[in-house]
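Participant: Below are the structure tokens for one structure; questions will follow.
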Amino acid sequence: MVAKVLHDSMTLGRALQDARRRLGLSQAVVAERSGVRQATVSEIEQGRTRVAFETVLRVMSALELELLCQPRSAQPESPWE
């Protein structure tokens, strides 16, 4: 999987959805593994909710993802723009 630059909740949601599909997991399985409701996973994927940062980290962990913080490049690009 290629690293993705995330600028907002929509691009985060798409990245999480892509990772979930790549792993062949349903939202229900991700919800069970992360200890959240399936509806919460759906809302995160659609970028329609404000959730606790801890919840996002738990979903990321269920998807075998990690967060990397680094200085912003001169011209950040989103893979979905």
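The values are calculated or read from the model by the stated rules, or taken from the named source; none is laboratory data. Note that the structure is predicted; figures quoted are calculated from it, not measured. Every residue, glycine as well, gets a Cβ built from its backbone with ideal geometry; the counts of neighbours run over all protein chains shown.
Participant: Identify all residues within segment 39-53 that are in a helix (DSSP H, G or I) and touching a helix residue (DSSP H, G or I) at 6+ places or on another chain (Cβ under 6 Å); write none if there are none.
Facilitator: Taking segment 39-53 first, the residues in a helix (DSSP H, G or I) are 39-45, 53.
Val41, Ser42, Ile44, Glu45, listed by residue number.
Participant: Looking only at segment 23-65, count every residue that is over 18 Å from Leu6 (Cα atoms) and not hydroxyl-bearing (Ser, Thr, Tyr) and tell me the total.
Facilitator: Residues that pass the stated criteria total 16.
Participant: While we're here: Filter segment 11-54 for residues that are of a type in the set (S, T, N, Q) and over 15 Å from Glu66 (Cα atoms); which is nearest to the chain's Cα centre (by Cα)?
Facilitator: Initial filter on segment 11-54 (of a type in the set (S, T, N, Q)): 11, 17, 26-27, 34, 38, 40, 42, 46, 49.
After this cut, where a residue has to be over 15 Å from Glu66 (Cα atoms) as well, the list is 11, 26-27, 38, 40, 42, 46, 49.
Working: Thr11: 8, Ser26: 14, Gln27: 12, Gln38: 14, Thr40: 12, Ser42: 11, Gln46: 10, Thr49: 12 Å.
Filtering first and then ranking leaves Thr11.
Participant: Scanning segment 1-49 for residues that are of a type in the set (Lys, Arg) and free of Cβ contacts under 8 Å to residues at least 40 places away in the same chain, which turns out surrounded by the most Cβ atoms within 10 Å (Cβ to Cβ)? I'd like the intermediate steps shown before the answer.
Facilitator: Quick first cut of segment 1-49, residues of a type in the set (Lys, Arg) only: 4, 14, 20-22, 33, 37, 48.
Restricting the remaining residues to those that are free of Cβ contacts under 8 Å to residues at least 40 places away in the same chain gives 21-22, 33, 37, 48.
Numbers: Arg21: 11, Arg22: 11, Arg33: 16, Arg37: 13, Arg48: 11.
So, considering only residues that are of a type in the set (Lys, Arg) and free of Cβ contacts under 8 Å to residues at least 40 places away in the same chain, the one surrounded by the most Cβ atoms within 10 Å (Cβ to Cβ) is Arg33.
Participant: Follow-up. Would you say Val36 is in a helix (DSSP H, G or I), at pLDDT 95 or above and among the β-branched types (Val, Ile, Thr)?
Facilitator: Here the answer is no, as Val36 does not meet what is asked.
Participant: Just one of (1) modelled with pLDDT of 95 or more; (2) loosely packed, with under 12 Cβ neighbours inside 10 Å trips up Leu63, so point out which.
Facilitator: That leaves (2) as the condition not met.
Participant: Starting from segment 55-66, take each residue that is among the β-branched types (Val, Ile, Thr) and list its partners that are assigned to a helix (DSSP H, G or I) and modelled with pLDDT under 95, counting only C-beta distances under 9 angstrom and pairs at least six apart or across chains.
Facilitator: Cβ pairs passing all conditions: Val56/Leu12.
Participant: Kindly evaluate Val5 against the criterion of being in contact with a helix residue (DSSP H, G or I) (Cβ under 9 Å, 6 or more places away or on another chain) and part of a helix (DSSP H, G or I). Show your work before the answer.
Facilitator: Values: in contact with a helix residue (DSSP H, G or I) (Cβ under 9 Å, 6 or more places away or on another chain): yes; part of a helix (DSSP H, G or I): no.
So Val5 fails the test.
Participant: Evaluate segment 17-25: report whether one residue or more is at negative phi, in contact with a helix residue (DSSP H, G or I) (Cβ under 6 Å, 6 or more places away or on another chain), among the hydrophobic types (A, V, I, L, M, F, W, C) and not in a loop (DSSP other than H, G, I, E, B). Give the derivation first.
Facilitator: Taking segment 17-25 first, the residues at negative phi are 17-23, 25.
Now drop any that are not in contact with a helix residue (DSSP H, G or I) (Cβ under 6 Å, 6 or more places away or on another chain), which leaves 17, 20.
Filter once more, so that each one left must be among the hydrophobic types (A, V, I, L, M, F, W, C): none.
No, every residue in segment 17-25 fails to be at negative phi, in contact with a helix residue (DSSP H, G or I) (Cβ under 6 Å, 6 or more places away or on another chain), among the hydrophobic types (A, V, I, L, M, F, W, C) and not in a loop (DSSP other than H, G, I, E, B).
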